[in-house]
Amino acid sequence: MKADCRYSVRHPIVTEDLDQILSVPLPWEVFSGTSVLISGASGLLGSYCCEVLLRLNEINRLAAPVKVIAVSRNLQSSARRFSAYAGRPDLVLLQGDVCTGLPAWDEAADYVLHGASPASPTAMAADLLGTFEANVSGTRNMLKLAQAKQARKFLFLSSGAVYGNMPPEVHSIGENDFGALDPLTARAAYDEGKRAGETLCWLYADKFGLSASSARIAHTYGPGLKADDGRSFADFITAAAEGRPLVLNSDGSAIRYFCYLSDTTAGLFTILLLGESGQAYNLGSATECCSIRELAQLITDLFPERGLRITFPEQVPTTRQAGVTSRQIPIPFNTSKLKALGWMDRIKLAPGLRRTILSYEPRETE
């Protein structure tokens, strides 16, 4: 079975996720009769944000339906991703590149979520300049659009990468903690781009009064994770879905923190609806962590019937030799600022991984 993510029918696991997100006590009613513009709509987080709003209409939670404007550079890819919603009047697929500015259209944009940016190592490496531009020029263009449309709220999907390399004495990263970043590296295309995007949000909030916030997102996994993502956890999930061996390309000692997609998406809506303008919020689990090797073992243990196994290269490099320059034991986010708004991460790692891998199974009509 090829883990290619079929979207012609929404998977029941995804529907369960959407309903769990909508069970979070947020003022969902404010979306009644509004239009929400989401860039990067075909991505992991952007697509779930779109589906949450479409699900709001399905369950009749609103006095008037919300319209979702899903922006993507590739209209064919976007149509495939949202084929389960084809023909619905509450979904508009808009083709456009945020770096050059979106095509003019007459509809409103009451809320704007900007998530258009490569996020995986594979995608970033393929277009370093495009990665930087999506977070700088793209963010500026989306802020200009939000200002012109008199949007109520703007949310920038940033990253914990903005923190850089923290000193050893730091054991929990709060929103005011920052380490060093080398701007003359390939990685800086993403890290410095996210920093600049956040600065633009603050400037538009300060100068123009636009209500703009940023979400500093940690490792997120869940249904829809692409097979060519390039990160170890994505490789493991894809291999498990396809019944292949899980290949470790390092000694597996590096520690990672993980947050399930529905929890991250709920956090995004919490920041959008309740976050303070000009502020950034950490979004990620501070407890769900394990080493890369432990993650591979956990996945194989979850599916004993599949006969999964872990394989290693003949010469296993250490984490440092593999090119990982950050500390082997990463520093967890301090999420108290977001939790003060009512957010919490609900899905533990083991059930989250199981849900993710099962979501690649063929979908049955609901």
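Values quoted throughout were computed directly from the atomic coordinates according to the rules given, and no laboratory measurement underlies them. No experiment lies behind these values; they were computed from the predicted model shown. Note: ideal-geometry Cβ built from the backbone for every residue, glycine included; neighbour counts use all protein chains shown.
Listed values, structure above:
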read-out	value
Among Asp235, Asp182, Asp191: highest mean-square fluctuation, GNM of the chain, C-alpha pairs under 10 Å	Asp182
Gaussian network model of the chain, springs between alpha carbon atoms under 10 Å - residue of Pro118, Pro167, Pro65 with greatest fluctuation	Pro167
Chain lengthening between Leu302 and Arg354 when straightened (0.36 nm per residue, less Cα-Cα)	18.0 nm
Three-way shape call for segment 53-102 based on the alpha-carbon gyration tensor, with the a/c threshold at 1.5	oblate
HN-Hα J in Hz across segment 83-95 - Karplus 6.51, -1.76, 1.60, θ = phi - 60°, x for Gly and Pro	5, 5, 10, 4, x, 7, x, 8, 10, 10, 9, 10, 8
Phi-based couplings in Hz for segment 37-48 (Karplus 6.51, -1.76, 1.60; Gly and Pro marked x)	9, 10, 8, x, 5, 8, x, 4, 7, x, 5, 5
Rg ratio (alpha-carbon, reference 2.2 N^0.38 Å) - the chain	0.95
Candidates Ala241, Ala79, Ala215: whichever shows maximal mean-square fluctuation once the chain is modelled as a Gaussian network with Cα springs under 10 Å	Ala79
For segment 110-117, Karplus couplings with θ = phi - 60° (6.51, -1.76, 1.60), whole Hz, Gly/Pro x	6, 9, 10, 10, 9, x, 6, 5
Rounded to 5, the percent of DSSP beta bridges in the chain classed as antiparallel	10 percent
Order of His219, His171, His11 under a 10 Å beta carbon neighbour criterion, fewest first	His171, His219, His11
Restraint check, Lys153/Lys226; Lys149/Lys337; Lys194/Lys339; Lys149/Lys194, Cα-Cα greater than 26 Å	Lys153/Lys226; Lys149/Lys337
The chain: calculated mean residue ellipticity at 222 nm from DSSP helix runs of at least 4, using -39500 (n - 2.57)	-10500 deg cm²/dmol
